[in-house]
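Here is the structure we will look at.
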């Protein structure tokens with residue numbers, strides 16, 4: 001478990017470094033040079049024609065440092081979401097496999113728990129750390145120790161609840177990024193408005209170019225921050241939904257493939273109780 005946490009931390013650090021390098025390179029090589037060229041052309045046309053309305057260019061919208069920071073954080077969070085989504089899909093693939101050799105009419109006695117646990121223990125080490133194998137092994141071990149079906153059900157439920165809380169806590173960094181992006185956009189807004197107010201004397205004398213550029217910084221940073229935050233929150237909630245379904249489906253798998261087949265000598269199985277309940281009088 002510690003090795004998994006360490007690998008995730010290393011992945012997040014390297015993902016951040018790679019995203020910073022790639023995004024900054026794109027800004028230096030593509031976005032800012034094109035934004036400067038477009039800005040110069042629009043300035044010349046505005047000076048030549050007072051009625052000229054400049055087109056809204058995405059290069060100009062994205063060129064400032066606040067927008068670059070928002071883009072970096074967005075792709076960093078996206079890499080984390082992608083990593084966790086791939087892991088969740090791998091865990092879900094175990095739900096389609098028969099990990100326990102049970103069939104209709106099979107009864108698992110307390111003395112048989114080691115036999116039924118062998119196929120799960122034979123899984124690769126990485127897969128044994130997934131939720132479903134851990135829940136099955138814990139349930140079999142609990143049944144072999146206490147010989148009580150209710151204890152097995154409680155153990156499986158506790159493991160699934162703990163896993164749900166762990167998955168939720170691991171998304172804290174992504175939730176922080178989703179909160180930080182609009183805050184950075186707001187900082188850009190404050191900077192742009194502050195710069196525009198500092199150039200108010202130029203606007204009074206008739207030169208409004210500096211004021212409009214500064215206000216453009218303010219509104220563009222807010223626009224980019226809100227758009228990236230909306231997309232990020234949508235992806236985050238989709239990941240949370242997939243993880244919640246994994247936990248619920250894993251618990252249902254344990255009920256259908258383990259708990260329903262448990263039997264203590266001298267007691268009826270859940271299947272027998274169900275059959276007796278539906279027999280006609």
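Separation between the residue 109 and residue 170 pseudo-spin-labels, each 7 Å from Cα along Cα→Cβ, expressed in nm?
3.9
Taking Cα pairs under 8 Å and at least six residues apart, what relative contact order does region 2-264 come out at, in percent?
Answer for region 2-264 is 26 percent.
Using R₀ = 30 Å, calculate the FRET efficiency as 1/(1 + (r/R₀)^6) where r is the Cβ-Cβ separation of residue 183 and residue 87; round to 0.05. Please report the intermediate quantities before stating the final value.
Values: r = 29 Å, r/R0 = 0.97.
Approximately 0.55, to the nearest 0.05.
Would you mind calculating the gained length between residue 145 and residue 11 on full extension (0.36 nm times residue separation, minus the Cα-Cα distance), in nm to one decimal? Don't skip to the answer; put the middle values down first.
Details: separation 134, 0.36 × 134 = 48.24 nm, distance 3.94 nm.
Here the segment from residue 145 to residue 11 would lengthen by 44.3 nm.
Could you work out the relative contact order of region 1-116, using alpha carbon pairs under 8 angstrom and six or more residues apart, expressed as a whole percent? Walk me through the numbers on the way to the answer.
Numbers: 40 pairs, mean separation 33.7, N = 116.
Taking the mean separation of contacting Cα pairs over the length of region 1-116, I get 29 percent.
Taking 0.36 nm per residue of sequence separation and subtracting the Cα-Cα distance, how much length would be gained by fully extending the chain between residue 4 and residue 25, in nm to one decimal?
On the way: separation 21, 0.36 × 21 = 7.56 nm, distance 3.14 nm.
Working it through step by step, the gained length comes to 4.4 nm.
Please arrange 228, 88 by how many other C-beta atoms lie within 10 Å of their C-beta, fewest to most. Write out the running numbers ahead of the final one.
Numbers: 228 24, 88 19.
Listing 228, 88 from fewest to most nearby Cβ atoms yields 88, 228.
Only residues of region 83-115 count here: report those whose backbone N is under 13 Å from the spot 7 Å along Cα→Cβ of residue 122, or say none.
Backbone N within reach: 98-102, 115.
With a 10 Å radius around each residue's Cβ, average the other Cβ atoms per peptide and rank 229-236, 131-138, highest first.
Details: 229-236: 16.4, 131-138: 22.2.
Sorting 229-236, 131-138 by mean packing, highest first, produces 131-138, 229-236.
Say each of residue 138 and residue 241 gets a label point 7 Å from the Cα, pointing the same way as Cα to Cβ; how far apart are those two points in nm?
Placing both labels 7 Å along Cα→Cβ, they lie 2.7 nm apart.
Coordinate-derived values only; no laboratory data. Remember, predicted model here, so these are calculated numbers, not experimental data. Cβ coordinates were reconstructed from backbone atoms using ideal geometry, including for glycine residues, and neighbour counts include every protein chain displayed.
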